[in-house]
Amino acid sequence: MRTLQELVSTLNLQGVLNNPRVKRALEEVDRADFIKPSLGESAYENFPLSIGWGQTISQPFTVAFMLDLLDVRPGNSVLDIGSGSGWTTALLAHMTGAEGSVLGLERIPALVEFGTANLAKYSFSHAKITASGYLLGNPENLYDKILVSAASDELPRELIPQLKIGGIMVIPVENSILKITKKAEHKIETDTHYGFVFVPLIR
């Protein structure tokens with residue numbers, strides 16, 4: 001059975017831990033706390049694992065890659081769409097620190113419960129997971145960063161108004177990961193990274 005440090009070392013060699021905040025979060029938020037006990041021996045393997053209901057906890061490489069792109073800073077407000085088992089929500093909460101805030105959204109009620117229970121293993125009072133509403137995201141608020149962990153067939157334009165000016169959204173679209181930077185109210189910059197596979201985004 002591999003260790004957490006071995007996993008982090010592997011990710012470092014693969015060149016996806018360019019941000020020290022991402023590295024510290026992966027070291028201190030244990031992936032094993034966010035999977036089913038029966039899969040414990042696979043906790044530190046670099047591949048996705050089933051969390052039930054047709055969903056997965058993402059491959060660590062992919063999570064690290066997306067978090068590097070997202071560049072979460074202390075004090076940021078972050079929206080985590082498709083929070084699943086709660087792992088990404090907890091990683092984001094570690095990166096924002098207590099002065100920030102993280103809202104995880106999940107459409108599957110059983111995973112809202114599972115993710116909330118897993119998140120409660122850590123003292124992240126500034127983070128929570130709730131059931132998704134009828135609309136995609138949380139249009140009532142603006143966010144510094146938005147992370148989407150399921151693939152859309154096209155860029156969901158309704159998420160862009162939920163970003164602050166200067167904010168960043170990282171989202172899978174088909175088999176690519178897009179980094180969207182909101183440069184002005186009606187201007188975005190898009191960087192595309194190819195070659196990824198995700199579960200589909202439920203709209």
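Any residue at all in segment 109-117 that is modelled with pLDDT of 95 or more, on the phi < 0 side of the Ramachandran plot, surrounded by fewer than 21 Cβ atoms within 10 Å (Cβ to Cβ) and within 15 Å of the chain's Cα centre (by Cα)? Yes, the conditions are met somewhere in segment 109-117.
Taking Lys164, is it in a strand (DSSP E or B), among the basic types (Lys, Arg) and crowded, with 19+ Cβ neighbours inside 10 Å? Judged against the criteria, Lys164 is not a match. Screening the candidates Gly40, Gly52 for the property of being of a type outside the set (Ser, Thr, Tyr), at positive phi and at pLDDT below 95 yields one hit, Gly52. In segment 167-196, the qualifying residues are those that are in contact (Cβ under 8 Å) with a residue 24 or more places away in the chain and assigned to a loop (DSSP other than H, G, I, E, B), and the one that is farthest from Pro48 (Cα to Cα) is Asn175. How many residues does segment 152-166 hold that are closer than 20 Å to Phe65 by Cα and either touching a helix residue (DSSP H, G or I) at 6+ places or on another chain (Cβ under 9 Å) or not small (Gly, Ala, Ser) (or both)? Result for segment 152-166: 1.
Select, from Gly84, Gly54, the only residue that is touching a residue at least 60 places away in the same chain (Cβ under 8 Å) and out of contact with any helix residue (DSSP H, G or I) (no Cβ under 9 Å at 6 or more places or on another chain). If you could, list the steps in order and put the result at the bottom.
Values: Gly84 fails: out of contact with any helix residue (DSSP H, G or I) (no Cβ under 9 Å at 6 or more places or on another chain).
Every option except Gly54 fails the conditions.
Within segment 117-147, the residues that satisfy the criterion of being out of contact with any Pro (no Cβ under 7 Å at 6 or more places or on another chain) and in a strand (DSSP E or B) are Ala127, Lys128, Ile129, Thr130, Tyr143, Asp144, Lys145, Ile146, Leu147.
Among the numbered conditions (1) of a type in the set (Lys, Arg); (2) modelled with pLDDT under 95; (3) surrounded by 13 or more Cβ atoms within 10 Å (Cβ to Cβ), the only one that Arg157 does not meet is (3). Considering only segment 139-153, state which residues are over 13 Å from Gly82 (Cβ atoms) and either out of contact with any Asp or Glu (no Cβ under 8 Å at 6 or more places or on another chain) or touching a residue at least 60 places away in the same chain (Cβ under 8 Å) (or both). Selection gives Glu140, Asn141, Leu142, Tyr143, Asp144, Lys145. Of the strands (runs of 3 or more DSSP E) lying entirely inside segment 15-93, those containing at least 1 residues that are surrounded by 21 or more Cβ atoms within 10 Å (Cβ to Cβ) and of a type outside the set (A, V, I, L, M, F, W, C) are 55-57, 77-81.
The values are calculated or read from the model by the stated rules, or taken from the named source; none is laboratory data. Everything numeric here is computed off the predicted structure, so don't read it as measured data. All Cβ positions, glycine included, derive from the backbone under ideal geometry; neighbour counts span all protein chains shown.
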